[in-house]
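Everything on this sheet refers to the single structure shown next.
The values are calculated or read from the model by the stated rules, or taken from the named source; none is laboratory data. Predicted model, so just to flag it, every value in this text is computed and none were measured. For neighbour counting, all protein chains shown are included, and Cβ atoms are generated from backbone atoms with ideal geometry for every residue, glycine included.
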């Protein structure tokens, strides 16, 4: 508690524009209402949609705008958004978060950005424009996932978190795996990361690339299964799959197929849908080909054939 002298009241109430420069003229004026250390609830049909804790809130009634300092928002589905500042446009039902914005989702993903938008109607829709860089992590796995992108989209109607452009994902582990794509979706209900490319690009550039220090895996679509507290076990490549393994650089192995499954722990790649494998000058074909990166053992099913590579000049 402190006593504010009447002549100091205006300075006490002013919020200052901070990140919201275009609102300078408005927020240099005295607000109609001011609150400190308050909690605001937004509800719809008697059901709370979000809880909003603020250190300082100033309401400008004529413009129907509230300016908040030290903003902490909790959505109905458990998503939390913290920021240095926020601007609530009551007429548009939109909140703009600015300054050290951190969004934590129930999937375990945590996102950092400098700005984010939340539309509260007709449903809760959190988005970050393509012009803004997004960085994040998912750490409730035995193999933590780090990622970055341009732009983000999330709606509480489907709980799908979308990374929108220039996506880079790093899967930690003994042999870190990095994945580059145009888009990525976190599918919470399926515990899945789904990567895709922009189909407006020329066909030759519509490839996702997954690499570790000695492996290149390329395909049109890619999926990574996530399980809380566990290592990432499988990476599934779909459509026009190609891989090159340079674990043994003097005799690299390449493979193609319509589908590829990479079992990370076992270091095994399985190819199906017209698979082919190339080692030195040899070509292996069959209905299903399994290649072990550690042993170079190749198994071909549906043909009763097992091929053991014995490269020379090692």
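Taking the conditions exactly as written (at pLDDT 95 or above and farther than 15 Å from residue 40 by Cβ), does residue 101 satisfy them or not? Yes; evaluated as a whole, the condition is true for this residue. Of all residues in segment 168-203, those satisfying the criterion of being under 16 Å from residue 237 (Cβ atoms) and touching a residue at least 60 places away in the same chain (Cβ under 8 Å) are 171, 177.
Within segment 204-219, the set of residues being free of Cβ contacts under 8 Å to residues at least 24 places away in the same chain and assigned to a loop (DSSP other than H, G, I, E, B) comprises just one member, 206.
Here is the figure for segment 114-133: residues that are touching a residue at least 24 places away in the same chain (Cβ under 8 Å) and in a loop (DSSP other than H, G, I, E, B) total 4. Please tell me if residue 83 is at pLDDT 90 or above, within 30 Å of residue 106 (Cα to Cα), assigned to a strand (DSSP E or B) and in contact with a strand residue (DSSP E or B) (Cβ under 7 Å, 6 or more places away or on another chain). It is true that residue 83 is at pLDDT 90 or above, within 30 Å of residue 106 (Cα to Cα), assigned to a strand (DSSP E or B) and in contact with a strand residue (DSSP E or B) (Cβ under 7 Å, 6 or more places away or on another chain). Only one residue in 99, 136 is assigned to a strand (DSSP E or B), touching a residue at least 60 places away in the same chain (Cβ under 8 Å) and in contact with a strand residue (DSSP E or B) (Cβ under 6 Å, 6 or more places away or on another chain), so which one is that? Result: 99 is the single residue among 99, 136 that is assigned to a strand (DSSP E or B), touching a residue at least 60 places away in the same chain (Cβ under 8 Å) and in contact with a strand residue (DSSP E or B) (Cβ under 6 Å, 6 or more places away or on another chain). Each residue in segment 144-154 was checked for being within 17 Å of residue 222 (Cβ to Cβ) and either part of a loop (DSSP other than H, G, I, E, B) or at pLDDT below 90 (or both), and 1 pass. Is it the case, given these coordinates, that residue 115 is more than 14 Å from residue 155 (Cα to Cα) and under 23 Å from the mean Cα position of the chain (by Cα)? So residue 115 passes the test.
Among the criteria (1) touching a residue at least 40 places away in the same chain (Cβ under 8 Å); (2) crowded, with 19+ Cβ neighbours inside 10 Å; (3) over 14 Å from residue 109 (Cβ atoms), the one residue 156 does not fulfil is (2). With respect to (1) modelled with pLDDT of 95 or more; (2) closer than 24 Å to residue 101 by Cβ; (3) over 14 Å from the mean Cα position of the chain (by Cα), the lone exception for residue 157 is condition (1).
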